[in-house]
Amino acid sequence: MEEHKKFIKAAVEAALKGMQNNEGGPFGCVIVKDGKIIGTGNNRVTSTNDPTAHAEVTAIREACKNLKTFQLTGCILYTSCEPCPMCLGAIYWARPDKVFYGCTKSDAAHIGFDDDFIYNEIELPIDKRTIPFEECYRALALEPFKVWEAKDDKIKY
């Protein structure tokens with residue numbers, strides 16, 4: 001358990017450093033493989049004007065770059081707070097072996113980072129969502145899918 005504490009502490013330190021540098025909100029993340037940190041991230045939403053620059057996403061990007069792979073099999077992700085829906089999706093796509101988190105999403109909501117509205121939106125039929133979604137030109141958009149299906153040298157993921 002001491003090892004987990006060490007890595008959660010590293011995630012917390014990434015969050016604090018990012019906040020001190022005015023890079024974004026109070027979130028940090030580290031990704032560990034074979035007992036070594038191979039990716040570190042903190043929230044950089046406001047400093048980069050990138051709404052996807054959450055701690056987990058930035059850590060995943062760094063770890064994948066360092067490992068020269070698009071999947072984190074054999075890795076453990078430590079994050080200072082339970083991941084939001086976007087980060088949860090990124091984590092599942094990256095496929096680490098396990099995730100440890102410090103604070104809960106309720107803790108985050110208590111200080112103004114409430115993701116419940118996104119979870120609620122996901123459950124709604126498309127025509128009931130807050131941001132309108134409308135299908136258009138599906139036949140045209142299917143072309144890349146057809147080419148992908150026929151592509152012999154594709155890398156599946």
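Considered as a group, the residues in the stretch 10-61 that are among the acidic types (Asp, Glu) and in contact (Cβ under 8 Å) with a residue 24 or more places away in the chain include one that is surrounded by the fewest Cβ atoms within 10 Å (Cβ to Cβ), and that residue is ASP34.
Tell me the residue from THR52, THR58, THR79, THR69 that is farther than 20 Å from ASP115 by Cα, at pLDDT 95 or above and polar (S, T, N, Q), please. Of the residues listed, the single one that is farther than 20 Å from ASP115 by Cα, at pLDDT 95 or above and polar (S, T, N, Q) is THR69. Among the residues examined, LYS156 does not qualify as at pLDDT 95 or above, basic (Lys, Arg), open to solvent by 70 Å² or more (accessible area, probe 1.4 Å) and over 20 Å from SER80 (Cα atoms). Within the stretch 9-63, the residues that satisfy the criterion of being under 20 Å from TYR101 (Cα atoms) and either of a type in the set (Asp, Glu) or in contact with a Phe, Trp or Tyr (Cβ under 6 Å, 6 or more places away or on another chain) (or both) are ALA11, GLU13, ALA15, VAL30, VAL32, ASP34, ASN43, ALA55, GLU56, GLU62.
Residues in the stretch 107-127 that are open to solvent by 90 Å² or more (accessible area, probe 1.4 Å) and either in contact with a helix residue (DSSP H, G or I) (Cβ under 8 Å, 6 or more places away or on another chain) or farther than 30 Å from ASN43 by Cβ (or both): ILE122, ASP127.
ARG138 fulfils the conditions (1) open to solvent by 100 Å² or more (accessible area, probe 1.4 Å); (2) at pLDDT below 95 except for a single criterion, (2). Residues satisfying the criterion are absent from the stretch 25-45 (criterion: of a type in the set (Ser, Thr, Tyr), modelled with pLDDT of 95 or more and closer than 20 Å to ILE111 by Cα). Scan the stretch 64-87 for residues that are without any contact (Cβ under 8 Å) to a residue 40 or more places away in the chain and out of contact with any Lys or Arg (no Cβ under 8 Å at 6 or more places or on another chain) and the total you get is 9. Determine, yes or no, whether ILE126 is closer than 26 Å to ILE60 by Cβ, without any contact (Cβ under 8 Å) to a residue 60 or more places away in the chain and among the aliphatic types (A, V, I, L, M). Against the criterion (closer than 26 Å to ILE60 by Cβ, without any contact (Cβ under 8 Å) to a residue 60 or more places away in the chain and among the aliphatic types (A, V, I, L, M)), ILE126 does not qualify.
The values are calculated or read from the model by the stated rules, or taken from the named source; none is laboratory data. Since we're looking at a predicted model, the values are computed, not measured. Positions of Cβ are backbone-derived with ideal geometry, glycine not excepted, and every protein chain shown enters the neighbour counts. Surface areas here come from the heavy atoms of the whole protein model, side chains and all, with no ligands, DNA or RNA. Shrake-Rupley method; radii C 1.70, N 1.55, O 1.52, S 1.80 Å.
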